[in-house]
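Student: Please find one structure pasted underneath; my questions will follow.
Read-outs: derived from the displayed coordinates by stated rules, not from any lab. What you see is a predicted model; the values in this text were computed from it and never measured. Neighbour counts are summed over all protein chains in view; Cβ atoms, including those assigned to glycine, are modelled from backbone coordinates with ideal geometry.
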Amino acid sequence: MTTIETSRRGFVKGAALAAGSLVLGFGLPAFNKAAKAASGGTLNAWLEITGDGRVRIAQPQAEMGQGIWTSMAQMIAEELEVDWAQVEIFSPVAAPDFAHPFYGFQTTAESFSIRAFWKPARTVGAQAREMLKMAAGEIWGVYPGGLQAEAGHIVNPLTGQKAPYAALVVQAAKYSPPENIQLKRPDQWKIIGKSIARADTPDKVNGSAVYGIDVKMAGLLTAVPLFPPSFTGKVKSVDDSAALKVKGVRQVVALEDAVYVLAEGYWSARQGREALTVDWDLGEGGDFSTDEAFAAFRKAAAEGQGAVVEERGDTVTALAGAAKVVDVTLEAPYLAHATMEPMNATAHYTPAKLTIWVPTQAQGLMGFVAGAVGLEAGQVECHTTFLGCGLGRRFEIDLPIHAALVSKAAGVPVKVLWSREDDTRRDFYRPGAVARLRAGVDSKGKIVGMLADISGSSILARAVPSLAKGDIDHTNVDGIAEATTPAGVPVHRQYDFGATARVAYAMVNSPIPVGFWRSVAHSQNAWFMEAFVNELAADLEQDPVALRLSLMKSERNRTVLKRLGERANWGNPAAGNVQGLAIHEAFGTVLGHVIEIAMNKRTLKLVKVTSVVDVGWAVNPDTVEAQVTSGAITGLTAALWGEVTMTKGEIDQGNFDSYRMLKLAQTPVFDVEILQLGGEIGGIGEPGTPPVAPALAHAVFNATGERIRKLPLAALGFDLM
Amino acid sequence: MSVSLKVNGVDHELDADEQTPLLWALRDVLGLTGTKFGCGIAACGACTVHVDGKALRSCVVPIASVVGAEITTIEGLSEASDHPLQEAWRSGEVPQCGYCQSGMLMAASALLAKTPDPTDQDIDNAMTNICRCGTYPRIRAAIRQAAKNA
Ligand code: FES
Ligand code: FES
């Protein structure tokens with residue numbers, strides 16, 4: 001069963017712990033004097049054991065399809081020693097106890113849940129288990145070290161005494177969590193590594209799962225926005241007389257950058273919006289176009305205007321003396337997220353407290369939402385619903401802020417709900433970018449250096465300016481440069497191109513807002529790097545697998561690539577088909593795809609995607625498989641059709657008729673092999689996406705001989721069968 | 001204005017404009033939120049329901065046009081979440097974010113009602129809904145599984 005916590009449930013918050021503390025960021029145990037030993041109780045913010053032996057696990061990470069509800073609970077349950085059948089998972093009210101161990105606030109981003117909680121979640125389970133043993137030891141008057149935990153019971157193997165956790169939890173909650181617990185070895189795992197059925201699936205096949213859009217409460221009004229044509233626009237004046245006459249419409253609230261019509265239900269609000277008359281001030285830059293942005297990116301990349309991110313040896317001289325220089329300029333378009341559930345947030349403002357119900361990836365940022373309506377950060381209560389996709393869009397807090405402002409102005413609880421067109425036109429887009437990549441080769445065919453000039457808009461200059469220090473944003477260069485940015489963020493490239501390397505980034509910001517899109521940096525940088533390596537292989541007349549094996553820095557990457565070549569039967573596609581290949585390292589994971597297509601003139605059929613991935617350890621292999629496929633389909637949609645353009649301040653795309661999505665009939669067969677090489681554990685929500693575009697472009701090149709240097713393929717006249 | 005609708009076997013009198021799309025009558029008036037909004041222009045299928053057994057995209061169906069019809073939503077697909085497709089969806093772990101799945105199940109159940117043993121081509125033709133998470137391979141497999149079990 002899956003539930004969303006409806007109140008604080010009286011959880012006692014732990015002592016304040018430093019953000020980033022790995023082990024004890026979980027809050028200290030609550031001591032509930034009133035609870036009766038036999039009736040179960042709350043152990044800490046994460047765990048409650050009910051009188052009938054159910055183990056309720058709080059799962060604070062956003063469930064947006066990646067299966068985190070289940071895999072997170074698997075990690076805790078493994079060490080806690082409970083039967084999976086006892087486990088019940090719920091979405092807790094946001095709390096500092098649930099701060100992400102790396103970021104220091106509650107968030108789900110960068111394929112970083114399992115990786116960050118890999119030790120902490122298992123530790124919380126193990127600590128709870130040891131505390132339950134201590135409780136049994138105290139009650140039975142024996143040394144707890146001799147007791148065993150088995151399937152939700154503490155057992156004394158000498159006497160045969162046995163007590164269910166429910167009878168021990170109140171006593172156990174009195175102890176401090178023990179430190180330095182030995183976690184189980186992989187060969188002892190019973191729950192981790194198993195394809196446990198997902199806890200959220202039953203509610204998702206009968207319509208009962210609650211998403212943000214489904215939130216209900218007495219007196220709730222639906223608020224639908226009218227936006228200015230440009231992002232820079234502001235409201236000048238509003239004539240709402242006709243709108244207020246529409247049946248069901250209750251109020252009109254003008255914010256600085258939108259006018260909301262509030263009604264009983266979405267349809268009335270939409271009708272009201274049609275009847276609104278608003279005069280806008282388009283603002284400075286209100287007539288900007290993507291063409292202008294790309295002209296600036298191209299110029300900056302061509303002229304090498306960027307700030308240097310990596311400089312090893314004298315690349316410019318090395319290339320000047322090279323027998324041959326491969327020189328490729330690649331472009332990546334802006335992309336919208338198009339989460340399946342249109343963007344929404346529900347808020348109820350009172351002078352004492354702001355309550356929000358929201359499908360969010362960033363509960364820990366809701367203090368800013370409180371601030372936007374004049375409350376303290378501690379005066380917000382955030383309930384997380386299921387997310388109908390996150391894709392990075394739901395890391396932004398623009399919707400909760402709008403909902404809070406509108407609720408405050410209207411004096412009623414409000415659900416802000418955007419249409420699909422609103423969603424596409426008011427996004428924080430995957431940044432458009434241009435990269436010029438060069439490699440020099442000496443007369444013996446040896447690569448002597450790599451030079452990369454990248455230009456595009458910076459996400460962090462907007463979202464977290466301190467991370468864009470020195471005009472270098474790591475999300476513009478990760479995957480291409482091997483360096484540490486001035487803000488101290490390490491970036492990585494899987495290849496070594498000989499003795500010299502130089503990577504520069506020219507930040508060009510514009511009125512087009514940019515944000516985090518599934519796989520962030522890697523969504524465009526893998527396209528640049530892998531498309532470049534495929535061109536290098538073609539120009540040097542080398543096999544793309546052999547060339548990569550010679551350039552890769554790590555044995556791990558070579559292992560994945562070799563296995564991919566074997567699994568996909570690289571070089572030997574089925575008769576009439578062609579293949580393309582790419583591999584990328586991101587979020588601690590190495591993942592490669594071979595995409596096999598059939599081509600008829602400029603019409604292509606996606607036949608098969610073969611993927612090999614190393615995640616170190618797979619907590620739930622079925623989920624890993626699902627995420628590889630899911631990430632690949634996101635990548636296919638983007639590579640085929642994904643492009644957002646702005647003309648004179650307005651976004652040209654709107655609904656799914658102008659922003660196309662892959663459908664079932666067009667979907668290829670997938671074959672995924674999961675390696676578990678046993679190193680650091682990797683993330684899996686995003687790595688399936690980055691290698692898709694370069695692998696597909698490679699296949700199209702192999703079929704047509706045409707160098708594909710721009711996306712989407714549709715803009716080059718290609719389409720799907 | 002009052003409009004009568006029969007949803008999941010129950011008659012309702014709705015105080016709503018006749019042009020209100022069925023989707024919003026279901027969600028906002030009757031509180032049946034299993035049927036989802038994705039596009040509002042019949043492009044994604046998240047809002048698919050059955051009208052007299054046929055799969056329809058309820059976001060573009062005015063309620064006036066379905067008076068007297070038998071309307072079935074995901075909440076009425078089965079008594080106890082035990083339609084063969086729901087079983088197959090669970091055993092095949094089809095949903096990811098799950099948002100499109102009500103519509104997918106309604107489209108698939110209309111297909112199986114008419115074509116109990118569909119070919120791949122039948123599945124391609126009937127399943128034109130969008131899943132942003134890309135659960136398509138598992139949807140195809142689960143429809144095949146359900147057809148086998150039925
Ligand atoms: S909401 Fe009806 S088809 Fe998309
Ligand atoms: S499961 Fe997320 S859109 Fe289909």
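Student: Using alpha carbons only, how many angstrom separate the centre of the stretch A:339-373 from the centre of the stretch B:1-80?
Tutor: Here the two parts' Cα centres lie 29 Å apart.
Student: Cβ neighbours within 10 Å, averaged per peptide: list A:77-86, A:549-558 in order, most packed at the top. Mind showing how you got there, number by number?
Tutor: Working: A:77-86: 21.6, A:549-558: 16.2.
Answer by packing, highest mean first, reads A:77-86, A:549-558.
Student: If you restrict to DSSP beta bridges whose two residues both lie in the stretch A:335-406, what percentage is antiparallel, to the nearest 5?
Tutor: That works out to approximately 50 percent antiparallel.
Student: Mind checking which lysines have their C-alpha under 28 Å from A:K444, skipping anything on the same chain fewer than 8 residues away?
Tutor: In chain and number order, the partners are A:K324, A:K553, A:K562.
Student: Just want the ordering: A:D471, A:D614, A:D423, A:D719, from fewest to most Cβ atoms lying within 10 Å of their own Cβ. Each step should come with its number before you reach the end.
Tutor: Values: A:D471 15, A:D614 26, A:D423 23, A:D719 11.
So the ranking, lowest neighbour count to highest, is A:D719, A:D471, A:D423, A:D614.
Student: Turning to a different aspect of this structure: Find how many whole Å separate the alpha carbon centroid of the stretch A:270-324 from the alpha carbon centroid of the stretch A:65-133.
Tutor: Computed from Cα coordinates, the inter-centre distance equals 40 Å.
Student: Sorted from fewest to most neighbouring beta carbons within 10 Å, what does the list A:H153, B:H12 look like?
Tutor: In order of increasing Cβ crowding within 10 Å: B:H12, A:H153.
Student: Quick check: convex hull over the Cα atoms of the stretch A:593-721, volume per residue in Å³, rounded to an integer?
Tutor: Residue-normalised Cα hull volume stands at 131 Å³.
Student: What's the center-to-center distance, using Cα atoms, between the stretch B:103-119 and the stretch A:640-672 in Å?
Tutor: What the calculation gives is 26 Å, centre to centre.
Student: Per residue of B:31-43, how many C-beta atoms from partner chains lie within 10 Å of its own C-beta, taken as a mean?
Tutor: Averaged over the peptide's residues, the number is 6.
Student: Sticking with this structure for a sec: Can you give the extra length, in nm with one decimal, that the chain gains between A:L540 and A:V142 once fully stretched, where that is 0.36 nm per residue apart less the Cα-Cα distance?
Tutor: Net length gain for the segment: 136.0 nm.
Student: Moving on. If the cut-off is a Cα-Cα distance under 30 Å, which lysines reach A:K648, setting aside same-chain residues fewer than 8 apart in sequence?
Tutor: Excluding near neighbours in sequence, the set is A:K234, A:K236, A:K299, A:K710.
Student: Which of the GluC sites (Glu not before Pro) found in the stretch A:373-472 are loop residues per DSSP with 14 or fewer other Cβ atoms within 10 Å of their Cβ?
Tutor: Qualifying residues, ordered by number: A:E376.
Student: Within straight cross-link reach of A:K190, meaning Cα distance under 27 Å, which lysines are found once same-chain residues fewer than 8 apart are removed?
Tutor: A:K119, A:K133, A:K162, A:K204
Student: Also: Scan chain A and note any complete DSSP helix (H) whose C-alpha atoms cover at least 15 Å along its axis and whose Kyte-Doolittle average is -1.0 or more.
Tutor: Within chain A the helices that satisfy the rule are A:68-80, A:113-140, A:290-303, A:398-410, A:521-539, A:621-641, A:692-704.
Student: Looking at chain B, what % of the alpha carbon pairs are farther apart than 20 Å?
Tutor: Cα-Cα pairs in chain B separated by more than 20 Å: 44 percent.
Student: Using DSSP, restrict attention to beta bridges with both residues in the stretch A:425-564 and report what percent are antiparallel, rounded to the nearest 5.
Tutor: Numbers: 12 of 22 bridges.
Percent antiparallel among DSSP bridges in the stretch A:425-564 is about 55.
Student: Shape call for the stretch A:350-465 from the C-alpha gyration tensor, a ≥ b ≥ c root eigenvalues: rounded (a/c under 1.5), prolate (a/b greater than b/c) or oblate?
Tutor: Here the stretch A:350-465 falls in the prolate category.
Student: Let me ask something else. Once a ≥ b ≥ c are taken as the square roots of the eigenvalues of the Cα gyration tensor of chain A, is the result rounded (a/c under 1.5), prolate (a/b larger than b/c) or oblate (a/b not larger than b/c)? Numbers along the way, then the final one.
Tutor: Values: a/c = 1.95, a/b = 1.21, b/c = 1.61.
Verdict is oblate for chain A.
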